[in-house]
Amino acid sequence: MSNELDGKVALITGAGQGVGQGIAFSLAERGVAISVAGRTLSKCETTRDEITAKGGKAIAIECDVSRLEDLERAVVETVEQLGGINILVNNAVSVSLGPLLEAEDDTVLHAFNVGPIATLRLMKLCYPHLKQAGGSIINLASTAAKRWDMTNYGVYAAEKEAIRALTRAAASEWGGDNIRANVILPHATSPALKWWTENNPEEAAAFVATIPAKRIGDCKDDIGEFVAMLCSPGASYVSGQSIAVDGGQAYMG
């Protein structure tokens, strides 16, 4: 295993399970100290314990990304306990599905608060630490806006597209500070996708059939490993990009 990231520190939201956990495991294997942040502390502690049991370094932080004070505390605790922040992964997600005519304002506002607003807040909070020694931001979005039929996906796609725009702006404005910012748009066997599959079996089957690889990605082996590669020095010239990690399904042009 390459040690190019050894000694770096990553703050990852939503790392108690699913994609965030997979990313945490892949980075930890490369010597990255992980700040496991999430709304359910017990899940974060499970991720932390799995990392430390394998000789890695990690801390668990209870953090509701919709609350500014939680984000501020997560950054402070990460820096105090791990010594800085070199990698930021905004992974915490809100899934707001349904037709536009049924979209309540409170639901839409919550989706944007957990999505692009939390992403922007945390990028700004981490900026001075990322700037110190150069850093990498990985934000998560979705290919929902690329769907052939966006029925019931309007609000969800809108918040994800906002994250893509903010990431592009961060890459443009902070590139001179040696900070890279990219977006990944993954398909992965996360709890959210499992729930969707179980509740929409016919649509899910049709969805998988459109993936050239004919499978959903693994949270660690497919998504986590790609993120680790994207954070590595070998990807130092890649910034401002939206990259679908989806087995070849989406056309991002």
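The values are calculated or read from the model by the stated rules, or taken from the named source; none is laboratory data. Predicted model only: the values in this text are computed from it and were never measured. Because the Cβ atoms are built from the backbone with ideal geometry, glycine has one as well, and the counts that use them run over all protein chains shown.
Numbers below:
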| quantity | calculated |
| --- | --- |
| Selection count, region 121-145, where residues are over 20 Å from Met252 (Cβ atoms) and either acidic (Asp, Glu) or part of a loop (DSSP other than H, G, I, E, B) (or both) | 1 |
| Criterion violated by Gly234 - all others in (1) of a type outside the set (A, V, I, L, M); (2) surrounded by 14 or more Cβ atoms within 10 Å (Cβ to Cβ); (3) more than 22 Å from Met123 (Cβ to Cβ); (4) in contact (Cβ under 8 Å) with a residue 60 or more places away in the chain satisfied | (2) |
| Matching residues, region 15-35, being under 12 Å from the mean Cα position of the chain (by Cα) and closer than 15 Å to Thr78 by Cα | Ala15, Ala24 |
| Qualifying residue in region 184-194 (condition: within 30 Å of Pro128 (Cβ to Cβ), touching a Lys or Arg at 6+ places or on another chain (Cβ under 6 Å) and either of a type outside the set (D, E, K, R) or not in a strand (DSSP E or B) (or both)) | no |
| Given (1) over 16 Å from Ala92 (Cα atoms); (2) surrounded by 15 or more Cβ atoms within 10 Å (Cβ to Cβ), index of the condition Arg164 fails | (1) |
| Scope region 33-51; condition closer than 26 Å to Gly134 by Cα and out of contact with any Gly (no Cβ under 8 Å at 6 or more places or on another chain); matching residues | Ser35, Arg48, Ile51 |
| Top-ranked residue of region 88-137 - restricted to ones that are farther than 15 Å from Leu71 by Cα, of a type in the set (Gly, Ala, Ser) and out of contact with any Cys (no Cβ under 6 Å at 6 or more places or on another chain), ranked as modelled with the lowest pLDDT | Ser94 |
| Scope region 90-116; condition of a type in the set (A, V, I, L, M, F, W, C) and without any contact (Cβ under 8 Å) to a residue 24 or more places away in the chain; matching residues | Leu101, Leu109 |
| Given (1) hydroxyl-bearing (Ser, Thr, Tyr); (2) crowded, with 16+ Cβ neighbours inside 10 Å; (3) in a loop (DSSP other than H, G, I, E, B), number of the condition Thr151 does not satisfy | (2) |
| Given (1) exposed (fewer than 14 other Cβ atoms within 10 Å of the Cβ); (2) small (Gly, Ala, Ser); (3) touching a helix residue (DSSP H, G or I) at 6+ places or on another chain (Cβ under 9 Å), number of the condition Gly175 does not satisfy | (3) |
| Any hit, region 200-220, residues being under 14 Å from the mean Cα position of the chain (by Cα), buried (at least 19 other Cβ atoms within 10 Å of the Cβ), of a type in the set (A, V, I, L, M, F, W, C) and within 23 Å of Ala28 (Cα to Cα) | yes |
| Unmet criterion (only one of (1) part of a helix (DSSP H, G or I); (2) surrounded by fewer than 20 Cβ atoms within 10 Å (Cβ to Cβ); (3) in contact (Cβ under 8 Å) with a residue 60 or more places away in the chain) for Tyr156 | (2) |
| Selection from region 88-109 of residues that are part of a helix (DSSP H, G or I) and either crowded, with 16+ Cβ neighbours inside 10 Å or among the polar types (S, T, N, Q) (or both) | Thr107, Val108 |
| Residue that is farthest from the chain's Cα centre (by Cα), among those in region 57-87 that are in a loop (DSSP other than H, G, I, E, B) and of a type outside the set (D, E, K, R) | Gly83 |
| Of all residues making up region 22-56, the number that are assigned to a loop (DSSP other than H, G, I, E, B) and either more than 20 Å from Asp221 (Cα to Cα) or hydrophobic (A, V, I, L, M, F, W, C) (or both) | 3 |
| Single condition Arg73 does not satisfy, out of (1) touching a strand residue (DSSP E or B) at 6+ places or on another chain (Cβ under 8 Å); (2) at pLDDT below 95 | (2) |
